[in-house]
Amino acid sequence: MVSKSDQLLIVVSILEGRHFPKRPKHMLVVEAKFDGEQLATDPVDHTDQPEFATELAWEIDRKALHQHRLQRTPIKLQCFALDPLSSAKETIGYIVLDLRTAQETKQAPKWYQLLSNKYSKFKSEIQISIALETDTKAPVDSFKAKGAPPRDGKVPASLSGLDPKDVVAVLNEEEGYHQIGPAEYCTDYFIMSVTIAFATQLEQNPMSSSYVAMKLPTLRSNTPSTEGILLQLLIYRSPNFDREAKKLFYQKGLD
């Protein structure tokens, strides 16, 4: 688990703009994107000096920050003009911030000129500061499976000679499920599902191999994969693969 002191926030403060044309029927919004995650300011009046007064922050740890600095991962800000009536979104220009300029000491904000500015007759600028702050949010402990405490439920009289601790899951090869308890008392069927939905930041994996291997506990089932579930993920900056699900069927007879 990463220690609390290693948890940081990349904070981009979007303060105000200048040298914008006045467009009373439009609003201005700035969207910022870093490492695939996009944040945005609230829409503000499209005046010649728009007031954004917004802080956008991304959570990161020092190890990931070091990797992004080596890779020169940018923070890209795009400015849009919005038409509230039609919801039309018009690109005005963009700004690219260098993550290496972010420091843990407070830095004075700077004026950044919009690149590819649609308002070619105006030298539109936005005042921005970028900084690193300690994430004061309490860290979340890594999940660890723990043995469930024994139940206090009563064993049926017909099973009085059976110790609950001796009840184990037995694979029924023919029917394709695990049986828990004596066959003559197994009347309920259940399905346990394991779903792998998505993955992010796999390029930050410390392993030197070309793939990440993740193995779930070996589960036999009536699906084609009977020797366990092994998932290999090629390392891409934005991994994108179909959701994969495996199911384990079992039958229970002893509460």
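The values are calculated or read from the model by the stated rules, or taken from the named source; none is laboratory data. In this text the structure is predicted, and so the values were computed from the model without any measurement. Ideal geometry is used to build each Cβ from the backbone, glycine not excepted, and the neighbour counts take in all protein chains shown. Surface areas here come from the heavy atoms of the whole protein model, side chains and all, with no ligands, DNA or RNA. Shrake-Rupley method; radii C 1.70, N 1.55, O 1.52, S 1.80 Å.
What FRET efficiency comes out for VAL170 versus LYS76 if R0 is 45 angstrom and r is the Cβ-Cβ distance? Round to the nearest 0.05. In this case the efficiency is close to 0.20.
Of LYS25/LYS106; LYS22/LYS106; LYS22/LYS89; LYS63/LYS89; LYS76/LYS118; LYS63/LYS123, which pairs sit farther than 27 Å apart, going by alpha carbon to alpha carbon? LYS25/LYS106; LYS22/LYS106; LYS63/LYS89; LYS63/LYS123, as the Cα separations exceed 27 Å there. Shown is the FRET efficiency for LYS89 and TYR189, computed with R0 = 45 Å from the Cβ-Cβ distance and rounded to the nearest 0.05: 0.30. Measuring max minus min along each principal axis, the C-alpha atoms of the range 79-130 give extents of 43, 24, 15 Å (largest first).
Counting heavy atoms of the protein chains alone, PHE190 has an accessible area of about 80 Å² for a 1.4 Å probe.
Placing a label point 7 Å from the Cα of ASP6 along the Cα-to-Cβ direction, the residues of the range 43-68 with a backbone N closer than 13 Å are 60-67.
Shown here for the range 1-82: trypsin sites (Lys or Arg not before Pro) in loop regions (DSSP other than H, G, I, E, B) with at most 15 other Cβ atoms within 10 Å, namely LYS22, LYS25, ARG72. Taking Lys and Arg as +1 and Asp and Glu as -1, the other residues whose beta-carbon sits under 11 Å from that of PHE80 total -1.
Against the empirical curve 2.2 N^0.38 Å, the C-alpha radius of gyration of the range 7-134 lands at a ratio of 1.08. When restricted to Cα atoms, the range 1-65 yields an Rg and a Dmax of 15.7, 51 Å, respectively.
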